[in-house]
Amino acid sequence: MARSTSKDAQDLFRALWSAYSATPTNLKIIDLYVMYAVFTALIQVVYMAMVGSFPFNSFLSGVLSCVGTAVLAVCLRIQVNKENKEFKDLAPERAFADFVLCNLVLHLVIMNFLG
Amino acid sequence: MAASDAPNGDVLIRNAFGSVLAFLILLLIGVLAFSIRLFSVIKYESVIHEFDPYFNYRVTQFLTKNGIYDFWNWFDDRTWYPLGRVIGGTVYPGLTLTAGTLYWFLHSLNIPLSVETVCVFTAPIFSAFASWATYLLTKEIKGVGAGLTAAALLAMVPSYISRSVAGSYDNEAVAIFALIFTFYLYIKTLNTGSLFYATLNSLSYFYMVCSWGGYTFIINLIPMHVLLCIVTGRYSSRLYIAYAPLVILGTLLAALVPVVGFNAVMTSEHFASFLVFIIIHVVALVYYIKGILSPKMFKVALALVVSIGLAVCCAMVAVIIALVASSPTKGWSGRSLSLLDPTYASKYIPIIASVSEHQPPTWPSYFMDINVLAFLIPAGIIACFSPLSDASLFAVLYIVLSVYFSGVMVRLMLVLAPAACILSGIALSQAFDVFTRSIKFQLPSLSDHSHIDARDASSEKVVLDDTIKTDKNEDTPKERMTKRSKKKEKEPVEKPPTKFQIKKRLSVLPFEASIIAVILLVLLVAFYVVHCVWAAAEAYSAPSIVLTSHSNDGLHVFDDFREAYAWLSHNTDVDDKVASWWDYGYQTTAMANRTVIVDNNTWNNTHIATVGTAMSSPEKAAWEIFHSLDVKYVLVVFGGLVGYPSDDINKFLWMVRIGGGVFPHIKEPDYLRDGQYRIDSMATPTMLNCLMYKLSYYRFVETDGKAFDRVRRTEIGKKYFKLTHFEEVFTTHHWMVRIYKLKPPKNRIRGKNKKSKSKTSSTTTSKRKGTRRNPF
């Protein structure tokens, strides 16, 4: 039972990997960016857990800026992905412009929050 | 070729004509929404209404005079004496900033309007915006025709008029616009999947948070919709784009508003959105993996991902429950708790229960406030299900939730009104669509065109336009009944329009039946218009600081409130403190410019309870309490002479309850005879000796010799008495406001030496001293 599960899991990961390596490079770059942002957020949460959340606004702005960046990047990824039929008539340039605008708003707010 | 070109051009012209017509109708709707709210200005004058608007007006005055930075740092020492109040950090600034911006804008154009004028007309302007926002939202849900109908309905829905007549300068005036506009941008993002609209959505959410505490409705409704979409298998990547950025940006922006601050991440009202935020990520990941894997491998993956995802969710839920459980009130504020459990407030927080707009509504108030829309809503819900889209699902969820909330609190009827308008707009427009199409189909001369025209919205717009303009007042309840039965037989027919070419013939109703149905619908809408105009003119435009009454000998105007406040501002010292029940706090600071002890911002229960205790104590004890607060004048509102029902004697039991909640020696049963509240000769001695009774009825017997109270419809219990610690300084023309001055201390001592009979009262006061003195 355990053997078959682990074999299944191995198969699964292999299939995942092969499927993923077929994605275009620009999407992979976005994925890396998302991973990096999430990783940064995690580091901050761990730090908060150890040191405490005293300047709560700093913690909030730090974590939410990372999570927000990640979320926006995921949105961008969804929009520029060629396999998503829903966004066929949305030009990637337009998607990127929206992404930049959203990021601008996000970081303006974050700057207000750093305190 | 040429044959197909000609109809094409025809359609093009028709569409262009339709959009011009739609624009004109929208313009007219805006004018209608603005002008139907001007009855109060025409019938009375251009004044600020009621209680809270006076505070907003005063804040706006401060803002325009001192600028925005002083506004943020404003510590107001003229209220809540001796505590004061930090205005900048405890007020929802949206309304004030809006009016301030409007004021600066007008002045930069060299239009010298006064602050008061700008404040008075802010609400009508924003109700025009709100009806345009309704058009946009309904257009996203069901198309242009429904949008126009809904906008027209919203422009004159009585529930919304009640909060946005000219002069009613309150948060709701701009908040309803913000609410509808936020929903529109959410639906727009959901329909287009554009990040640009998502940004706009969070900005408009920010404006809503600035304007009104009701923003929690948005931040709970949208997650519920997302959850519903996921559960019913309607997840799409557009849903992700609409929701995820809104949560992050919206939370950050909400935390920027001082009055919300870290509550945006700390209180339970907002936790639902975070939970759904996590869920949507798990779901998005599942859908992504499903997309890149073969179905067989996906089954394996599903087991893995679901188990991991469940584990993560459980951990998150555990953390949230731990957080909630660790906070004292379980993280919910009193107002929100009373939403979930309607009996909560009356059980635990008398100060919330005492406000009439926090009570549950009665059935007639539904008919009064949304009128025929109440009957159209079910039809609208059915219309939303054919065909069901993400947007129409949202409309259904919105109406269901807002019906529940309006059932809990009268005030939230205001949230129900837009939903009711949207759904009724959809229902009406669909009905007109079916009827006019079947009429057109059977008119022989037009039958050639009908295939193309059928779905053209302009025909129903014309009909709608007619309904607004015809004010036929022939409707009776009987016709409404026939209308409803008509509606029922019509519903099944509404489904076909999606595939119109073939099924069109099936959806055609008999010619005569559809003519009659259209006429009845027009009558129904005419009835609604008549009711709305009546409500706007008669029911909801009284400013409540100027009262009028009609009697045999003509119109009477009672301007006692302004008379009293003017007396205060002219005859008292600038630093004198005026005590009154908290309802009149805002007006006293704004109109008389005197320091008050408590006001309508009920942030300190103990302080209000102190005033309540003083009002329900005997004269001497009350004098001591007021003297310890440095009060010089006491103001009571008394309606017994002219029959003004919302006076202090009718509010008195709440003073007893609120006072008794903090100071246990005030007991409600002492003021009731056999559970009945009465002020006649059967009243209890505690009641007849309390300060409120004495201040209200002092010298009242001199008016008619019998001391007949017209509100309670009885003769008062104790007619002849003298005041020992207070002296009357001013009573307005109709006795509606009476102002008393505290006698200086030495009188008290002499009186005490002369007759030492007041032993009992002195023992009670000394007992109280231990409990009461410590805050000061």
Does B:Ser617 satisfy the condition of being among the small types (Gly, Ala, Ser), surrounded by fewer than 18 Cβ atoms within 10 Å (Cβ to Cβ) and in the same structural domain as B:Val711 (by the TED database)?
no
Considering only the stretch B:623-667, state which residues are assigned to a loop (DSSP other than H, G, I, E, B), farther than 27 Å from B:Asn571 by Cβ and not aliphatic (A, V, I, L, M).
B:Gly643, B:Pro645, B:Phe663, B:Pro664, B:His665, B:Lys667
Counting only helices (runs of 4 or more DSSP H) wholly inside the stretch B:240-354, the ones holding at least 1 residues that are modelled with pLDDT under 70 and open to solvent by less than 40 Å² (accessible area, probe 1.4 Å) are B:295-326, B:334-340, B:344-348, B:350-353
With respect to A:Tyr47, determine if the residue is out of contact with any Ser or Thr (no Cβ under 7 Å at 6 or more places or on another chain), within 29 Å of B:Thr192 (Cβ to Cβ) and open to solvent by 40 Å² or more (accessible area, probe 1.4 Å).
no
Open to solvent by 30 Å² or more (accessible area, probe 1.4 Å), charged (D, E, K, R) and within 19 Å of B:Cys384 (Cβ to Cβ): does that describe B:Arg234?
yes
Qualifying positions in the stretch A:58-115 - more than 9 Å from every other protein chain (Cβ to nearest Cβ), on the phi < 0 side of the Ramachandran plot and outside any helix (DSSP H, G or I)
A:Lys82, A:Lys88, A:Asp89, A:Ala91
Quickly run through the stretch B:238-271 and pick out the residues that are of a type in the set (Ser, Thr, Tyr) and away from chain A (no Cβ under 11 Å).
B:Thr267, B:Ser268
Looking only at the stretch B:53-77, filter to residues that are buried (at least 19 other Cβ atoms within 10 Å of the Cβ) and of a type in the set (D, E, K, R); which one of those is farthest from B:Val120 (Cα to Cα)?
B:Asp76
Total residues in the stretch B:554-590, condition in a strand (DSSP E or B), out of contact with any strand residue (DSSP E or B) (no Cβ under 8 Å at 6 or more places or on another chain) and in contact (Cβ under 8 Å) with a residue 40 or more places away in the chain:
0
Among the candidates B:Ser202, B:Ser211, single out the residue that is within 9 Å of chain A (Cβ to nearest Cβ), crowded, with 20+ Cβ neighbours inside 10 Å and within 23 Å of the chain's Cα centre (by Cα).
B:Ser202
Give the residues of the stretch B:563-583 that are at pLDDT below 90 and within 19 Å of B:Ile48 (Cα to Cα), sorted by residue number.
B:Trp582, B:Asp583
Taking the residues in the stretch A:18-32 that are hydrophobic (A, V, I, L, M, F, W, C) and without any contact (Cβ under 8 Å) to a residue 40 or more places away in the chain as candidates, determine which candidate is surrounded by the most Cβ atoms within 10 Å (Cβ to Cβ).
A:Ala19
For A:Ser6, the lone unmet condition from (1) among the small types (Gly, Ala, Ser); (2) in contact (Cβ under 8 Å) with a residue 12 or more places away in the chain; (3) more than 10 Å from chain B (Cβ to nearest Cβ) is (2)
What's the number of the condition B:Asn191 fails, among (1) under 25 Å from B:Ile381 (Cβ atoms); (2) open to solvent by less than 30 Å² (accessible area, probe 1.4 Å)?
(2)
Looking at the stretch B:591-614, which of the residues that are open to solvent by 10 Å² or more (accessible area, probe 1.4 Å) and under 21 Å from B:Asn650 (Cβ atoms) is modelled with the lowest pLDDT?
B:Thr602
Check B:Ser549 against each of (1) modelled with pLDDT of 90 or more; (2) hydroxyl-bearing (Ser, Thr, Tyr); (3) outside the structural domain of B:Cys690 (by the TED database) and name the one condition it does not meet.
(1)
Do we have B:Ile111 as at pLDDT below 95 and surrounded by 17 or more Cβ atoms within 10 Å (Cβ to Cβ) here?
no
Would the stretch B:662-685 turn up any residue that is at positive phi and either open to solvent by 10 Å² or more (accessible area, probe 1.4 Å) or not assigned by the TED database to the domain that holds B:Trp582 (or both)?
yes
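The values are calculated or read from the model by the stated rules, or taken from the named source; none is laboratory data. Just so you know, these numbers come straight off a predicted model, no measurement behind them. Reconstructed Cβ throughout: ideal geometry from the backbone, glycine too, with neighbour counts over all protein chains shown. Accessible surface areas use protein heavy atoms only, side chains included; no ligands, DNA or RNA. Shrake-Rupley method; radii C 1.70, N 1.55, O 1.52, S 1.80 Å.
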